[in-house]
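Enquirer: Sharing a structure below in structure tokens format, with a few things to ask.
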Amino acid sequence: MLKRLLWVFGGALGIVFIVLIVVWRQATYLPSWYVLSAPTPNATSVQETKPKDLTREEIWSKVSDTLKKQSSAGERVGTVQLNSDEMNRLIFSEIQVNEEVTSDAKLEKIIVGKNTQFRDGKLVVGAVINLQELTQHKELQGGRADFAQAFLNLPIVKDRPVYIEVEATPIVKNRKIALDSPRIKLANVSMTVEELSKYLGVSPAFINQRITRERALVPMSVQDVKIQGDIISISGTGTAR
């Protein structure tokens with residue numbers, strides 16, 4: 001009987017251990033694009049072949065020039081097409097401007113990896129965030145730092161960089177681009193806003209306000225937005241910068 005109890009107890013411990021390993025791997029997940037882009041020790045530098053990323057100002061000039069050409073051709077409403085790299089730059093530049101982070105270097109200490117994709121007609125924005133840096137950043141004290149601290153209070157996070165992903169449908173709101181019906185991924189665990197609010201102890205309204213608010217990503221009065229394959233098409237008229 002004792003041997004049987006020990007066997008059952010040992011089996012139960014084994015199952016618990018396997019579950020803990022699975023949970024740990026899920027909690028410490030980092031996306032492949034971030035892992036592959038991270039520098040490795042003793043790496044030999046090579047000449048970059050990837051074209052230089054456009055700045056926010058250069059992308060805005062591209063948008064304005066496109067709309068001007070279409071207007072000159074008699075088109076009342078113009079359409080601009082952007083790829084995922086351009087949207088990635090615009091999204092994180094908008095965060096930098098809105099949160100008054102004064103330099104790229106400061107933002108890169110907080111957001112140590114960022115990637116925007118188009119997936120099944122949705123916009124997928126992922127970021128690897130140094131939450132400790134965010135809570136200490138003097139320009140982000142208040143609601144933003146409190147939000148980060150809520151994440152840090154989760155036992156699975158502690159002081160590690162954490163991957164946060166938002167997947168949502170882009171829509172037009174107040175002539176700007178907003179996100180609708182967001183779904184969130186924390187590390188490698190997908191959840192709704194309501195589920196995340198329970199984990200963090202903050203209201204769903206607070207999380208939704210941070211995610212779904214309209215954003216001035218382009219110098220346009222936006223009338224329509226849709227994702228078509230690997231591009232996003234934005235229709236509207238030009239606005240003053």
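The values are calculated or read from the model by the stated rules, or taken from the named source; none is laboratory data. These numbers come from a predicted model, not from an experiment. Virtual Cβ from ideal backbone geometry, glycine too; neighbours counted across all protein chains shown.
Enquirer: Would you say residue 78 is closer than 19 Å to residue 163 by Cα and in contact with a helix residue (DSSP H, G or I) (Cβ under 9 Å, 6 or more places away or on another chain)?
Expert: no
Enquirer: Among the residues of segment 167-200, write down those that are touching a Pro at 6+ places or on another chain (Cβ under 8 Å) and either free of Cβ contacts under 8 Å to residues at least 12 places away in the same chain or of a type in the set (Val, Ile, Thr) (or both).
Expert: The answer is 177, 193, 194, 197.
Enquirer: Do the conditions hold for residue 114, that is, is it modelled with pLDDT under 85 and either assigned to a helix (DSSP H, G or I) or buried (at least 19 other Cβ atoms within 10 Å of the Cβ) (or both)?
Expert: No.
Enquirer: Has segment 198-210 got any residue that is part of a strand (DSSP E or B) and either at pLDDT 85 or above or closer than 21 Å to residue 131 by Cα (or both)?
Expert: No, that holds for no residue.
Enquirer: Take the residues in segment 186-197 that are of a type in the set (A, V, I, L, M) and part of a helix (DSSP H, G or I), then tell me which one is modelled with the lowest pLDDT.
Expert: 196
Enquirer: Report yes if residue 63 is in contact with a Lys or Arg (Cβ under 9 Å, 6 or more places away or on another chain), of a type in the set (Val, Ile, Thr), at pLDDT 70 or above and closer than 20 Å to residue 223 by Cα, otherwise no.
Expert: It is false that residue 63 is in contact with a Lys or Arg (Cβ under 9 Å, 6 or more places away or on another chain), of a type in the set (Val, Ile, Thr), at pLDDT 70 or above and closer than 20 Å to residue 223 by Cα.
Enquirer: Only residues in segment 201-227 that are over 15 Å from residue 125 (Cα atoms) count as the first member; pair them with residues that are exposed (fewer than 14 other Cβ atoms within 10 Å of the Cβ) and at pLDDT below 90, Cβ under 7 angstrom, at least 6 apart or cross-chain, and list the lot.
Expert: The qualifying pairs are 204/194; 219/241.
Enquirer: Same structure again: In segment 148-175, which residues are modelled with pLDDT of 85 or more, surrounded by 14 or more Cβ atoms within 10 Å (Cβ to Cβ) and over 18 Å from the mean Cα position of the chain (by Cα)?
Expert: Listed by number, the residues that qualify are 172, 173, 175.
Enquirer: Can you report the number of residues in segment 181-199 which are on the phi < 0 side of the Ramachandran plot and surrounded by fewer than 18 Cβ atoms within 10 Å (Cβ to Cβ)?
Expert: The qualifying residues number 10.
Enquirer: Just one of 181, 190, 197, 235 is among the polar types (S, T, N, Q) and over 18 Å from the mean Cα position of the chain (by Cα); which is it? Walk me through it before giving the result.
Expert: Numbers: 181 fails: over 18 Å from the mean Cα position of the chain (by Cα); 190 fails: over 18 Å from the mean Cα position of the chain (by Cα); 197 fails: over 18 Å from the mean Cα position of the chain (by Cα).
After applying the criteria, what remains is 235.
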